[in-house]
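The values are calculated or read from the model by the stated rules, or taken from the named source; none is laboratory data. Keep in mind that what you see is a predicted model, and the values were worked out from it rather than measured. Cβ coordinates were reconstructed from backbone atoms using ideal geometry, including for glycine residues, and neighbour counts include every protein chain displayed. To get the accessible areas, we keep the full protein, side chains included, count just its heavy atoms, and leave off ligands, DNA and RNA. Shrake-Rupley method; radii C 1.70, N 1.55, O 1.52, S 1.80 Å.
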Amino acid sequence: MQASLDFETYSPVDLKTAGLSRYVESPEFDVLVCCYSIDGAPVQTWVPGMPPPADLFACKTFAAFNAGFERAVWWWLYRNARWPDCPTVDRWRCTMALGLSYGLPGGLDQMLAALRLPVSKDPRGPALIRLFSIPDRRTGKRTYPAEQPEEFAGMMEYCANDVVVEQALVAALPRKELPPASQREWGHQQTINERGIEVDRDLAMLLATKVHELQGRLSARTKELTSGLEPTQREAIKDWLKPEGLDLPDVKKTTVQRALSSMPDGVAKEVLDLRSSASKTSVAKYAVLLRRTSHDGRLRHSMVWHGASTGRVTHKGFQPGNLPAREMKDAHELADARWLIGDIDVLEVVFDPMKVYSALVRSTLIARKGRRLVSGDYAQIEARMVATMAGQRDLVQAFADGIDVYRFMAARIYGLRFEDIAKESRERFVGKSATLGAGFGMGPGRFFDYCKDNGSEITTGEAEQAISSYRSNVPRVVAFWYAVKAAALNAVRDPGGLYPVGPLTYVCSASRKWLYCKLPSGRALAYLRPRIIVDEYGPQLLCAGVNTYTHKWTEDISLWHGTLVENAVQAASADVMKEAAMRLEANGFPVVLSVHDEVVSEPLIDGPSLAEMHRIMLEPVPWMLQLPLAVEGWEGNRYRK
């Protein structure tokens, strides 16, 4: 028997901003109603005060939309309402995860709309939630069900309707459950979310306080120099700089840094420097981190399984994946010097204080007492994956031999000997940018911007030379791009036909509703409502999906060859990561965080070694044995780059 269930709850803590742990931890948290359906039978309703629902407890598996929420609520009921202990994670099925695995948007209503289903959530829901699930905005008081019985009857109907539409969502999808491997990976991700990672709250509070103080100083000094402007007023600062002889196209980070590097000392440079310091958005993460940390000092429920359509993990609330990467790599060494961090006047004698405070965000994530953090980061995994998929043997061999492939590529781009490319040279940077950025069809114009965005100016001629040389030196990669697009187009033209290309296989459903890309691991990417149009460049493939830039659902996602290859490569790389994380978990490395291509674990101080972690991560990938892997990492008490 499988139960589909949904809870409605009350808490004065905002779920979106504070996160699930803080929401449920509130002393005022309460369960309003539970609705459930067993094996598709009519929905049953339970409310506090009724006998515990024995038929629900007898079920073998439990399905819910965002099942992590239901698990947290069930544990509360175990502690407070005589429910049995929460079923183990392997007995749960997450319908949100199932929808995400098909590339659908994250919300239930959005998934239903994307699938064009004739059902929806009860439109009374938002008003009922405002009435019963959160305090009154004016009085701050809670409305109890007994105070508004007719409206609460509507709340129970709303909850029951959620169960029905969640079942309709599952029924509309080709697969009713995640494949076994994906189900195990989801369960592991749920375990990671519930375990959390320790937060140095004292350090985070100190830094939040000092950031606030420093922002006040930056504001006061900027107003003094500009007759009242705030450093965060982008257009106003840009306009103020024009009479000072500096006409910037924008005040983005890279633009400001380039201008500062060539400006003479003076008022204009100081204003721009103040603008640069005040615009570091990473310092706002201290408030987010403190707001979302549980009472026991752990940050939980920050990762979203299959948050990206390719299957990569994303983050919500606190975002460790977009922290400053290049500035002050060894900032963690300052984390314990509280006397220095807390004295802005002393700190600025040696450092830029805001740069220090920005760089220390990572350092607030720490190991629990008696444990340590160990990290393994797959080096250049996507570049290695695309070369392997395409059969570009010389590049694969270079990776396997441990050659500095950035110098390898730079030598080919510039027609130099490998030995003539210095490790910190501009040529190596261009070789690195080509290796990491040009593997998915990037053209010269985008490559020029890519280098600029990553902190290095190149000429348009260099960009054209780099792309031309890259493509001529990796012909199998280039051929792979177009072969992948051809396979996808042919699959849409011939529903049911299998179109292999390298280690990938494309197939379209008979209804033409779904296009699938079977990955080397056996998992499949899904594209909804694929269709072919013809423009001046020939046949093009479109599908419905989430726009990468606007994050909104659209019917016109362009599946050009670069997108198709990038999706497949990123997805296969994510599969390598997830499988490695599960092996680590089974060998004494409890995982607490994954960021991009990095896995962070929290073993005992005298537990398995960093070398053992990397050995496990470097085990050959059974479904792509020729893939050359490399792992870099560190160990210590604090998270770092």
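In segment 336-445, which helices (runs of 4 or more DSSP H) lie fully inside it and hold 1 or more residues that are open to solvent by 60 Å² or more (accessible area, probe 1.4 Å)?
Correct list: 338-341, 344-350, 353-359, 393-400, 405-414, 426-437.
Output the residue which, of all residues in segment 586-641 that are under 30 Å from Gln392 (Cβ atoms) and basic (Lys, Arg), is modelled with the lowest pLDDT.
Let us first name the residues in segment 586-641 that are under 30 Å from Gln392 (Cβ atoms), namely 594-599, 613-633, 641.
Filter again for basic (Lys, Arg), leaving 615, 641.
Values: Arg615: 97, Lys641: 83.
Across segment 586-641, the extreme among qualifying residues is Lys641.
Residue-wise test of (1) open to solvent by 10 Å² or more (accessible area, probe 1.4 Å); (2) touching a Gly at 6+ places or on another chain (Cβ under 7 Å); (3) at pLDDT 95 or above; (4) not in a helix (DSSP H, G or I).
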{"residue": "Leu542", "(1), (2), (3), (4)": "yes, no, yes, yes"}
{"residue": "Thr550", "(1), (2), (3), (4)": "yes, no, no, yes"}
{"residue": "Ile557", "(1), (2), (3), (4)": "yes, yes, no, yes"}
{"residue": "Asn567", "(1), (2), (3), (4)": "yes, no, yes, no"}
{"residue": "Ala572", "(1), (2), (3), (4)": "no, no, yes, no"}
{"residue": "Val576", "(1), (2), (3), (4)": "no, no, yes, no"}
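Does Leu98 satisfy the condition of being part of a helix (DSSP H, G or I), modelled with pLDDT of 95 or more, open to solvent by 20 Å² or more (accessible area, probe 1.4 Å) and hydrophobic (A, V, I, L, M, F, W, C)?
no
Only one of Ala483, Ala487 is in a helix (DSSP H, G or I), under 18 Å from Gly538 (Cβ atoms) and open to solvent by 30 Å² or more (accessible area, probe 1.4 Å); which?
So the residue among Ala483, Ala487 that is in a helix (DSSP H, G or I), under 18 Å from Gly538 (Cβ atoms) and open to solvent by 30 Å² or more (accessible area, probe 1.4 Å) is Ala483.
Exactly one of (1) closer than 19 Å to Tyr357 by Cα; (2) open to solvent by less than 70 Å² (accessible area, probe 1.4 Å) is unmet by Gly228. Its number?
(1)
Out of segment 41-61, which residues are of a type outside the set (Gly, Ala, Ser), surrounded by fewer than 17 Cβ atoms within 10 Å (Cβ to Cβ), in contact (Cβ under 8 Å) with a residue 40 or more places away in the chain and under 15 Å from Pro84 (Cα atoms)?
Lys60, Thr61
Taking the residues in segment 245-258 that are surrounded by fewer than 12 Cβ atoms within 10 Å (Cβ to Cβ) and free of Cβ contacts under 8 Å to residues at least 12 places away in the same chain as candidates, determine which candidate is nearest to the chain's Cα centre (by Cα).
Among those that are surrounded by fewer than 12 Cβ atoms within 10 Å (Cβ to Cβ) and free of Cβ contacts under 8 Å to residues at least 12 places away in the same chain, it is Pro249.
Give the number of residues within segment 259-292 that are assigned to a helix (DSSP H, G or I), of a type in the set (Lys, Arg) and touching a residue at least 60 places away in the same chain (Cβ under 8 Å).
3
Does Gly307 satisfy being open to solvent by 30 Å² or more (accessible area, probe 1.4 Å), within 24 Å of Gly196 (Cα to Cα) and part of a loop (DSSP other than H, G, I, E, B)? Let's see the steps before the verdict.
Details: open to solvent by 30 Å² or more (accessible area, probe 1.4 Å): yes; within 24 Å of Gly196 (Cα to Cα): yes; part of a loop (DSSP other than H, G, I, E, B): yes.
Yes.
Name the pairs: first residue in segment 511-534 and on the phi > 0 side of the Ramachandran plot, second residue in a loop (DSSP other than H, G, I, E, B), Cβ to Cβ under 6 Å, at least 6 apart or on different chains?
Pairs found: Arg512/Pro495.
Out of (1) part of a helix (DSSP H, G or I); (2) crowded, with 18+ Cβ neighbours inside 10 Å, the odd one out for Trp83 is which?
Condition not satisfied by Trp83: (1).
Only one of (1) in contact (Cβ under 8 Å) with a residue 12 or more places away in the chain; (2) open to solvent by 10 Å² or more (accessible area, probe 1.4 Å); (3) under 22 Å from Gly307 (Cβ atoms); (4) not charged (D, E, K, R) is not met by Ala630, so which one is it?
Ala630 satisfies all of (1) in contact (Cβ under 8 Å) with a residue 12 or more places away in the chain; (2) open to solvent by 10 Å² or more (accessible area, probe 1.4 Å); (3) under 22 Å from Gly307 (Cβ atoms); (4) not charged (D, E, K, R) except (3).
So which residues in segment 580-609 are surrounded by fewer than 19 Cβ atoms within 10 Å (Cβ to Cβ) and in a helix (DSSP H, G or I), if there are any at all?
Residues satisfying the conditions are Met582, Arg583, Glu585, Ala586.
Within segment 310-325, does at least one residue satisfy the condition of being surrounded by fewer than 20 Cβ atoms within 10 Å (Cβ to Cβ), more than 18 Å from the chain's Cα centre (by Cα) and over 30 Å from Leu98 (Cα atoms)?
Taking every residue of segment 310-325 in turn, none turns out to be surrounded by fewer than 20 Cβ atoms within 10 Å (Cβ to Cβ), more than 18 Å from the chain's Cα centre (by Cα) and over 30 Å from Leu98 (Cα atoms).
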